[in-house]
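*Asks:* Below are the structure tokens for one structure; questions will follow.
The values are calculated or read from the model by the stated rules, or taken from the named source; none is laboratory data. Quick caveat: nothing in here was measured; it's all calculated off a predicted structure. Here the Cβ is made from the backbone with ideal geometry for all residues, glycine too, and neighbour counts use every protein chain on show.
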């Protein structure tokens, strides 16, 4: 059965009154704590094999508790496939770090396959995750090709070398990721989000500059007065500053991206606030540190609930009209290797 | 007969249709507006339960039923998932969760105290000496030039120290190429350190601090102990293992919270190094006896180092004591060494 590859799917043609659907997140920290701790214990007892099931259960729990218009998301990955991917990933990581520890001089040689393979991993990982995510029994898809991804990396990747131009590269990469997603047959459309996205980084760079100047000032003061408090003060200032900047950039860029995305008749409103995020991350950090990690589930649920509470789907048509595309299997290896190498482009 | 409400999706669009489902022994019947469908139970696939999330029943041709009626789904598909059904029952009750917590805590404790050091020791056994030497070269490259310059001691003095080092390493035949590297490292103070593969760096300040050459031999024997027991390599492996463990247990939260694990990890590292120091001390006592020296020399130099440290404390230098076991205890062990 051939599915016409229409740009906007059937949904684009259905017009209607605008309706706001806040994203609901209904997970409970207590319930997730039990899932989390049982996952951990079983992973330990099975020497890691259960971790594939653990990952699927965790995702299914969170997806199942994320609802729009009363309907929940589904995560459909097969744990056996994930286990296979993990074994491949562990082998790859062992080679990478083994060479890194014992022959660091040769490690740069491994960056070549990582540079060439990185885009492949990214594309496969996105495809796997999209294909295994469904809403209202319609799957997401990622149709970005390796060639197109490599092109983005090669054409704009060198900007990373000039730290200050990095945001432009990141923006291109995220644009590539977002534009190539589909919900069923309906393509994600992405308006220009360059300005708010790069603006967030520009502000952060400005603040970072002030922070560095303050640190230099503190350093001079420390040399003059030899006060024992100035060194820890500098450390607190440095990490505190990084923390603020991280949370700020996270909030602003997430908003910039989601406010630019359209899926057929749907648009999004993301209103994360930097100061909320700073408090959220900071309190989570303290909670995790002081409970020896036991507050991790609570922290995760809390962060997700906040994110959901600030996200709204605006539907100018019905959510009913999205067409499912053609089935195709997506292999898992890319996803697991990418995860271990921390290759992740979050939307 | 089981009967429940569900939402039906036809597998072609995102349109939802509220339906009533009747479950019989061999099939289910789905009834909704303009829909009447009989599906044999054998053609249905049901997802394992996770928490209180909605259950999905996958029909042939990609159609789907979703329902919140967990009891009805369980009644229709008893024991559909042997493994995950059991896991689900564990996840639902606090006593099991607490048992899981006990298992996890015990494992974490055991890993940190015994497991990781043991694993590092075993893995180190598989690492060829040549690789280890390479690791040492890297570290040495960091010290040379940046922190240390060639020793300012006279040639005859250096010759005498090399002689002592040669006596200590004579006949060890463990594959390491032992080398004594006297260096002038102003920022480090009186110190000596062993690098994986056999290089031992000793600062001029230490030579000047020592009251007798036997005391220098005592420090060198301690450093040789580090080399022989492959402490540099084992520390590297333990650090990697600890980081991996922390990531596995708490890597769940956002990346920034990984900061929270940095401090405990650093503290644990120091605990490890204390254990390794004791191991190197023991080796030093034994080796000193073998070459006809007394472990008392070790006690003496420890006292001198401690005094020196107290005098200089307040400075920001990497000192000999921050990662070492309580000096008094080490001195006592040296004095009572068999």
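*Asks:* When residue A:269 is evaluated against the numbered criteria (1) farther than 23 Å from residue A:208 by Cα; (2) buried (at least 18 other Cβ atoms within 10 Å of the Cβ), which criterion, by number, is the only one it fails?
*Replies:* Result: residue A:269 fails condition (2) only.
*Asks:* Would you confirm whether or not the range B:221-229 contains a residue that is in a loop (DSSP other than H, G, I, E, B), in the same structural domain as residue B:166 (by TED's automatic domain parsing) and surrounded by fewer than 23 Cβ atoms within 10 Å (Cβ to Cβ)?
*Replies:* yes
*Asks:* For the subset of the range B:291-316 comprising residues that are at pLDDT 85 or above and closer than 14 Å to residue B:191 by Cβ, which member is surrounded by the fewest Cβ atoms within 10 Å (Cβ to Cβ)? First the steps, then the outcome.
*Replies:* Restricting attention to the range B:291-316, the residues satisfying the condition of being at pLDDT 85 or above are B:291-305.
With closer than 14 Å to residue B:191 by Cβ added as a condition, the list becomes B:301-302, B:304-305.
Working: B:301: 25, B:302: 24, B:304: 15, B:305: 24.
Among residues in the range B:291-316 that are at pLDDT 85 or above and closer than 14 Å to residue B:191 by Cβ, the one surrounded by the fewest Cβ atoms within 10 Å (Cβ to Cβ) is B:304.
*Asks:* Let me ask something additional. Would you please name the residue that is surrounded by the most Cβ atoms within 10 Å (Cβ to Cβ), looking only at residues in the range A:28-44 that are at the interface with chain B (Cβ under 7 Å from one of its Cβ atoms) and farther than 19 Å from residue B:49 by Cβ?
*Replies:* A:40
*Asks:* Please determine, by comparing only the residues of the range A:255-267 that are within 17 Å of the chain's Cα centre (by Cα) and not in a loop (DSSP other than H, G, I, E, B), which one is nearest to residue A:187 (Cα to Cα).
*Replies:* Out of the qualifying residues, it is A:261.
*Asks:* Then there is this: Pick from A:309, A:283: which is under 30 Å from residue A:137 (Cβ atoms), surrounded by fewer than 17 Cβ atoms within 10 Å (Cβ to Cβ) and more than 10 Å from chain B (Cβ to nearest Cβ)? Break it down stepwise before answering.
*Replies:* Details: A:283 fails: under 30 Å from residue A:137 (Cβ atoms).
So the residue among A:309, A:283 that is under 30 Å from residue A:137 (Cβ atoms), surrounded by fewer than 17 Cβ atoms within 10 Å (Cβ to Cβ) and more than 10 Å from chain B (Cβ to nearest Cβ) is A:309.
*Asks:* Please return the ranges of helices (runs of 4 or more DSSP H) entirely within the range A:270-345 where 1 or more residues are out of contact with any strand residue (DSSP E or B) (no Cβ under 9 Å at 6 or more places or on another chain) and modelled with pLDDT under 85. Lay out the reasoning, then the answer.
*Replies:* Values: elements: A:274-290, A:296-309, A:333-340.
Ranges flagged: A:274-290, A:333-340.
*Asks:* Residue B:40 fails exactly one of the following numbered conditions: (1) more than 8 Å from chain A (Cβ to nearest Cβ); (2) within 21 Å of residue B:89 (Cα to Cα). What is the number of that condition?
*Replies:* For residue B:40, the failing item is (2).
*Asks:* Looking at B:25, B:53, which one is loosely packed, with under 15 Cβ neighbours inside 10 Å and either more than 14 Å from chain A (Cβ to nearest Cβ) or touching a helix residue (DSSP H, G or I) at 6+ places or on another chain (Cβ under 9 Å) (or both)?
*Replies:* Just one listed residue meets the conditions, B:25.
*Asks:* Do you know which residues across the range A:45-57 are assigned to a helix (DSSP H, G or I) and under 12 Å from residue B:87 (Cβ atoms)? Working first, answer last.
*Replies:* Pass one, the range A:45-57, residues assigned to a helix (DSSP H, G or I): A:45, A:51-57.
Answer for the range A:45-57, where residues must be assigned to a helix (DSSP H, G or I) and under 12 Å from residue B:87 (Cβ atoms): A:45, A:53, A:54, A:56, A:57.
*Asks:* A further question follows. Quick one: in the range B:153-196, of everything that is over 30 Å from residue B:310 (Cβ atoms) and in contact with a strand residue (DSSP E or B) (Cβ under 9 Å, 6 or more places away or on another chain), which residue is surrounded by the most Cβ atoms within 10 Å (Cβ to Cβ)?
*Replies:* The selected residue is B:169.
*Asks:* When you scan the range B:88-182 for helices (runs of 4 or more DSSP H) that lie fully inside it, which ones turn up with 3 or more residues that are within 14 Å of chain A (Cβ to nearest Cβ), modelled with pLDDT of 90 or more and in contact with a helix residue (DSSP H, G or I) (Cβ under 7 Å, 6 or more places away or on another chain)? Break it down stepwise before answering.
*Replies:* Details: elements: B:94-110, B:116-126, B:129-143, B:155-169.
So the answer is B:94-110.
Yes/no matrix, rows are residues, columns are (1) away from chain B (no Cβ under 14 Å); (2) in contact with a strand residue (DSSP E or B) (Cβ under 9 Å, 6 or more places away or on another chain):
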position: A:194; (1), (2): yes, no
position: A:207; (1), (2): yes, no
position: A:218; (1), (2): yes, no
position: A:225; (1), (2): no, no
position: A:235; (1), (2): no, no
position: A:252; (1), (2): yes, no
position: A:255; (1), (2): yes, yes
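*Asks:* Scan the range B:93-131 for residues that are closer than 19 Å to residue A:50 by Cα and in contact (Cβ under 8 Å) with a residue 24 or more places away in the chain and report the count.
*Replies:* Total satisfying the criteria: 3.
*Asks:* Which residue pairs have Cβ atoms under 9 Å apart, sit 6 or more places apart or on different chains, and have a first residue in the range A:207-220 that is more than 14 Å from residue A:236 (Cα to Cα) and a second that is part of a helix (DSSP H, G or I) and modelled with pLDDT of 90 or more?
*Replies:* A:207/A:245; A:207/A:248; A:208/A:245
*Asks:* Across the range A:158-188, what is the total count of residues that are in contact (Cβ under 8 Å) with a residue 24 or more places away in the chain and more than 19 Å from the chain's Cα centre (by Cα)?
*Replies:* Residues that pass the stated criteria total 5.
*Asks:* From the list A:63, A:101, A:106, A:75, which residue is touching a helix residue (DSSP H, G or I) at 6+ places or on another chain (Cβ under 8 Å) and at pLDDT 75 or above?
*Replies:* Values: A:63 fails: touching a helix residue (DSSP H, G or I) at 6+ places or on another chain (Cβ under 8 Å); A:101 fails: at pLDDT 75 or above; A:106 fails: at pLDDT 75 or above.
Criteria check complete, one pass: A:75.
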